[in-house]
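Asker: Got a structure for you, written out below as structure tokens; questions coming shortly.
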Amino acid sequence: MTDALLPAVPQPLEKEGDGYFRKGCNPLAQTGRSKLQNQRAALNQQILKAVRMRTGAENLLKAATNSKVREQVRLELSFVNSDLQMLKEELEGLNISVGVYQSTEEAFTIPLIPLGLKETKDVDFSVVLKDFILEHYSEDSYLYEDEIADLMDLRQACRTPSRDEAGVELLMSYFIQLGFVESRFFPPTRQMGILFTWYDSLTGVPVSQQNLLLEKASILFNIGALYTQIGTRSNRQTQAGLESAVDAFQRAAGVLNYLKETFTHTPSYDMSPAMLSVLVKMMLAQAQESVFEKICLPGIRNEFFMLVKVAQEAAKVGEVYRQLHAAMSQAPVKENIPYSWASLACVKAHHYGALAHYFAATLLIDHQLSPGADEDHQEKCLSELYDHMPEGLTPLATLKNSHQRRQLGKSHLRRAVTQHEESVREASLCRKLRSIEVLQEVLSAAHQRARLKYAQHQEDDDLLNLVDAPDILSKTEQEVQIILPQFSKVAASDFFQKLGPLSVFSANKRWTPPRSIHFTAEKGDLGFTLRGNSPVQVHCLDPHCSAALAGAKEGDYIVSIRKVDCKWLTVSEVMRLLKSEDALEMKVVSLLDPASSMHNKSATYSVGMQKTYSMICLAIDDDDKTGKTKKISKKLSFLSWGTNKNRQKSASTLCLPSVGVARPQAKKKLPSPCSLLSSDRSLY
């Protein structure tokens, strides 16, 4: 039997068609992945129903005083708990359905674990954003119906992203768009009344908040999950496919680590810091496993130095999976991590540890130090293979003594057989792993190979010459590392840029309604100068000039001149419009309370927010959106699949503020810092 692992015939990578960007996959397509996501969504609804019933039963148990009623409630509660446990086991089965996400090419490799996408409910931005545009920006909200509909269609497309780079770009573009929306429409001093609901990908429990942070964090999680699906889908029979898998898992680890460090107080358990730390370790372990497969892909030559390298690479993979299994076994992660994931991590730790000992045994038994061999190099490699040599043995003496080499090699084979037996036993204890045929085949083949090689060299006096095989030092030529998400490479423009430059026209600043200023330029003299750059401000205003008498103020922002929008124009372009005629009309706005502007805290950090999960809302009804009138626009959507864009034509509850001659306005007093903090506490 040869010790070489022959490479498979390279297969071309499957190419996807173009046109996925900003569209997503067809939600009606009956692919394996879509069926799995549909089953996940259905299970989420059943889990939600069971959780509601359990909550009601617990409340009834607390309130009931009659002993018979309490006994009946306890019985019902036991049924509900058992039903909930069965539903969670079904969800765990979906999380270990690795076969759906693997490459379509048949491969004799251990499956990798992907993450499923988080499911969500529909969100209606229309009424809230329209009202805010009227109230805050004093503009006609109906001018922004297309932009609002584009935002809603983009969110809908993100629920079914394609499993490739275009799908990642789609999710990233929505994440960037949420940053624009947050700055435009979500002031830090109040909630906007938009309820975001996302389901935990591991437990199926829904989490609801009137907070854009939950939306942004969930999109980040799905970006990481999509990278894991890209990694598992890569063709591991080609060098390019394995490099793609390594890159995808490193990027998944980077996104999940970014989520852990940036969104520190997310209430969903699958996005808790402890769980995200484990998921990052799992992605890096799978990336390291792909590095090992990439080294072995051309075939393992039965040569001393090659076997030393492969043994240390296998030891590295076994080490990272041992660390992963230890992390999965710690509270509080142990309670909610799928049991099959922890079992597979344990199986791989034993499997790759056994491979390391098998390759070490092969280099010791099959190779003898010949007179022309490089003794110094082999001695150095053998000394670096172990932390310490067994008692009474030295690297050079072992290389020269064939009996010592054979005895040490057989001790490695015994450890290899023992660890292979342990990996097979662990896999047999988990019902989900027993159903993965390729896993059982790989473990069985490796076990039989080690047993056969040990049987070939077994002697009667082996029990009298036992040598404890030392551990193999882990070493790799490619240390995997986290790759942070690169949002700057995704081109995404602000849907609501017509509102003006974001640095000025944002939700953090308050404005007067636009005032119409009718004035004349006397002999070409405007009576003021301009400063700034998009938007332009009135500067050095002469208090006796025509513009000042008409109501202009120092520091006013010019938003339009003769109905020409000026918010994005430069000083020279605005001056050109002002110099064109003597009788002029311009609209200006004034910034309110500039000295006591609101605290511009980053929305990605939980500043001043309570570290609780109190906003987890289970009583969510799918019929919350009744009563909102909807109207379909004739314009076709560039995001939907063959359906018209969902345009919201709801009448606003606000009216445009009156615009006329400038009049003194009382400055609205901002809330105190204490009230700001207390209002923020309701976010979490």
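Asker: Give K509/K563; K62/K216; K523/K567; K118/K509; K130/K260 a once-over and call out the pairs whose C-alpha atoms are over 30 Å from each other.
Answerer: Numbers: K509/K563 24 Å; K62/K216 37 Å; K523/K567 27 Å; K118/K509 34 Å; K130/K260 33 Å.
Violating the 30 Å Cα-Cα cut-off are K62/K216; K118/K509; K130/K260.
Asker: For the cross-link pairs K309/K410; K281/K489; K348/K432, which exceed 24 Å when the distance is taken from alpha carbon to alpha carbon? Walk me through the numbers on the way to the answer.
Answerer: Details: K309/K410 19 Å; K281/K489 26 Å; K348/K432 15 Å.
Correct reply: K281/K489.
Asker: Please work out how much length the chain gains when fully extended from Q486 to H403, using 0.36 nm per residue of separation minus the C-alpha to C-alpha distance, in nm with one decimal.
Answerer: Values: separation 83, 0.36 × 83 = 29.88 nm, distance 5.64 nm.
That pair, Q486 and H403, stretches by 24.2 nm at full extension.
Asker: What would the Debye equation give as log₁₀ I(q)/I(0) for the range 469-579 at q = 0.19, 0.24 Å⁻¹, counting only Cα atoms as equal point scatterers?
Answerer: Taking Cα atoms of the range 469-579 as identical point scatterers yields -1.04, -1.45.
Asker: Return a whole-number percent for the relative contact order of the range 167-216, with Cα pairs under 8 Å and 6 or more residues apart as the contact set. Present the calculation step by step, with values, prior to reporting the outcome.
Answerer: On the way: 36 pairs, mean separation 15.5, N = 50.
Rounded, it is 31 percent for the range 167-216.
Asker: Over the range 183-317, with every protein chain in place, what whole percent of the accessible area is carbon and sulfur at 1.4 Å, could you tell me?
Answerer: 52 percent
Asker: S82 to E303: extension gain in nm, 0.36 nm per residue of separation minus the Cα-Cα distance? Numbers along the way, then the final one.
Answerer: On the way: separation 221, 0.36 × 221 = 79.56 nm, distance 5.67 nm.
Once the chain is fully extended between S82 and E303, it gains 73.9 nm.
Asker: A follow-up question, please. Roughly how many debye, to the nearest 20, is the charge dipole of the range 96-248 about its Cα centre, given +1 on each Lys and Arg Cβ, -1 on each Asp and Glu Cβ, and no other charges? Numbers along the way, then the final one.
Answerer: Working: 11 positive and 22 negative charges, 127 e Å.
So the magnitude is around 620 debye.
Asker: I would also like to ask the following. Could you state the number of Å between the C-alpha centres of the range 325-344 and the range 224-250?
Answerer: Each part reduced to its Cα centre gives a spacing of 24 Å.
Asker: Quote the FRET efficiency, to the nearest 0.05, computed for A64 versus S493 with a Förster distance R0 of 51 Å and r equal to the Cβ-Cβ distance.
Answerer: On the way: r = 59 Å, r/R0 = 1.15.
Efficiency computed from Cβ-Cβ geometry: 0.30.
Asker: Follow-up question, since we're still on this one. Express the relative contact order of the range 276-426 as a whole percentage, based on alpha carbon pairs under 8 Å and six or more residues apart in sequence.
Answerer: Values: 160 pairs, mean separation 42.1, N = 151.
Relative contact order comes out at 28 percent.
The values are calculated or read from the model by the stated rules, or taken from the named source; none is laboratory data. Treat the numbers as computed from the prediction; the structure is a model and nothing was measured. Positions of Cβ are backbone-derived with ideal geometry, glycine not excepted, and every protein chain shown enters the neighbour counts. Keep in mind that these areas ignore ligands, DNA and RNA; they rest on the heavy atoms of the full protein, side chains included. Shrake-Rupley method; radii C 1.70, N 1.55, O 1.52, S 1.80 Å.
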